Amino acid sequence: MTAFYAALRERLTCEPTLSYADFQRLLWALSRIDYVPSQGWLKQFVEVSRGKLHQLRLRALSELAWALACWGYTPSPEWLAEYFRVTQPKLQEYKPHHLAISVTALKKMGCKVPACWLDGALHAFCQQLPDAKAHDLVSFLDGIVELADNAAWMSAPETGRALRSLADFAASKFDICDCLMHAKLLVALTTAQCCPGPAWLRAQQASLARSLGAAQPGAQPLDNATASELCAAYAAWDVPLSPSLAQELGLKPQ
C-alpha cells in the first residue's frame with residue numbers, strides 16, 4: 001500500500017497529471033479503501049485537490065470530503081473556504097444522498113461551516129424530500145444540527161420551518177428506522193430545539209418500541225449512553241415514556 005500510494009502521489013504531482021475524470025474515479029476508490037495514508041501524503045493530496053475543486057462533479061466533491069473524513073484529516077481553512085465557495089452554488093443540484101454524505105463528512109472533520117452554506121444545503125434537501133431515503137434523512141439532520149454552531153441561524157424562523165418539514169417527513173419513515181436511527185433523529189431535533197409535537201412523539205415511541213422488540217434475543221441494540229440520551233430528549237419535551245418503550249429500555253414506566 002505504501003508503494004501504491006507513492007505511485008499515486010507521483011501521478012498527482014508530476015506531469016502529465018491525472019485528468020479530471022481519472023481524479024474523480026480515484027476519489028470514488030480512495031473513499032472505499034480501508035487504508036489511511038501518511039500525513040505527508042494527505043497534505044500533498046489536499047494541496048493538489050484544491051486546484052481541481054471547480055472542475056469536479058457533485059458526486060466527486062462529496063466523495064472527496066468523505067475520503068478526507070474517513071482519513072481523519074481536516075483541510076486548511078483556505079481549502080475549506082474554496083470548497084464552500086465551489087459547492088454552495090451547486091447545492092440545489094445535489095441528490096439527498098450526496099448532501100447527507102457531505103454534511104456527515106464535514107461533521108466528522110469538525111469543520112466550521114458558513115451559515116449561508118447550511119441554508120443552501122437545508123433548502124436543497126427539503127426540496128427533494130420525496131426522493132430521500134430514511135438513512136440519508138437521519139444522517140443529514142444529525143449532521144446539520146451538529147454543524148450549526150450559529151445560534152442565530154438555528155433559531156431563525158425559516159430554519160425552524162425547514163427542520164419541522166424534515167421531522168414531518170421522518171414520521172413516514174418510522175417503520176424502516178432502526179433503533180440507532182430513531183435515537184439520532186430524536187436527539188438531533190432536541191438539540192435544535194425543534195419540538196415535533198405530542199402526536200409525533202407518541203408515534204415515534206411506538207415505532208422505537210417495536211424496533212427494540214424485534215431485535216434478536218440477547219442483542220443490545222442501544223448502549224446505555226444512547227438510551228440515556230433518548231430519555232433526556234423525551235424529558236426535554238416533557239413527554240413520558242410509554243409503558244412498552246420503558247419495558248424495552250429496561251426502565252420503569254413514568
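Some values worked out for this structure:
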quantity	calculated
Folded to 0 to 90 degrees: helix 157-171 orientation relative to the chain principal axis, Cα	70 degrees
The stretch 94-141: relative contact order in percent, alpha carbon pairs under 8 Å with at least 6 residues between	73 percent
Accessible carbon and sulfur surface of the chain relative to its total accessible area, %, 1.4 Å	53 percent
Violating pairs (Cα-Cα greater than 28 angstrom) within the set Lys107/Lys133; Lys95/Lys184; Lys112/Lys173; Lys52/Lys173; Lys90/Lys133	Lys112/Lys173; Lys52/Lys173
Estimated translational D of the stretch 113-254 in µm²/s (Stokes, Kirkwood radius over Cα pairs; 37 °C; 0.692 mPa s)	211 µm²/s
Debye log10 I(q)/I(0) for the chain, one point scatterer per Cα, at q = 0.07, 0.12, 0.14, 0.16 Å⁻¹	-0.29, -0.77, -0.96, -1.13
Crossing angle, helix 58-70 versus the chain [Cα axis fit, 0-90 degrees, rounded to tens]	80 degrees
Mean residue ellipticity (222 nm) of the chain, computed from DSSP H runs ≥ 4 via -39,500 (n - 2.57), nearest 500	-20500 deg cm²/dmol
Angle in degrees between helix 115-127 and the longest Cα principal axis of the chain, rounded to the nearest 10	70 degrees
Among Ser244, Ser38, Ser139, residue whose mean-square fluctuation peaks in a GNM of the chain (springs only between Cα atoms under 10 Å)	Ser38
Relative contact order [Cα under 8 Å, 6+ residues apart], the chain, whole percent	13 percent
Separation between Cα centres of the stretch 171-212 and the stretch 52-110, rounded to whole Å	28 Å
Cα Rg over Rh - the stretch 50-173, Kirkwood	0.94
Selection from Leu230, Leu8, Val138, by position along the positive dipole direction of the chain (Cβ)	Leu8
The chain: most fluctuating residue of Gly40, Gly120, Gly197 per GNM, C-alpha cutoff 10 Å	Gly40
Student exercise, the stretch 50-173 dipole from Lys, Arg, Asp, Glu Cβ charges, in Debye to nearest 20	280 debye
Net charge dipole size for the chain [Lys, Arg +1 and Asp, Glu -1 on Cβ; Debye, nearest 20]	300 debye
Å² per residue, accessible surface of the chain at 1.4 Å	50 Å²
Charge-dipole axis of the chain as Lys and Arg at +1 and Asp and Glu at -1 on Cβ define it, positive-most pick from Thr74, Ser38, Pro196	Ser38
Rg/Rh (Cα only; Kirkwood hydrodynamic radius) as it applies to the stretch 47-94	0.93
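The values are calculated or read from the model by the stated rules, or taken from the named source; none is laboratory data. On a predicted model such as this, the values are computed, not experimentally measured, just so you know. Cβ: placed from backbone, ideal geometry, glycine included. Neighbour counts: every protein chain shown. With ligands, DNA and RNA removed, areas are computed over all heavy atoms of the protein, side chains included. Shrake-Rupley method; radii C 1.70, N 1.55, O 1.52, S 1.80 Å.
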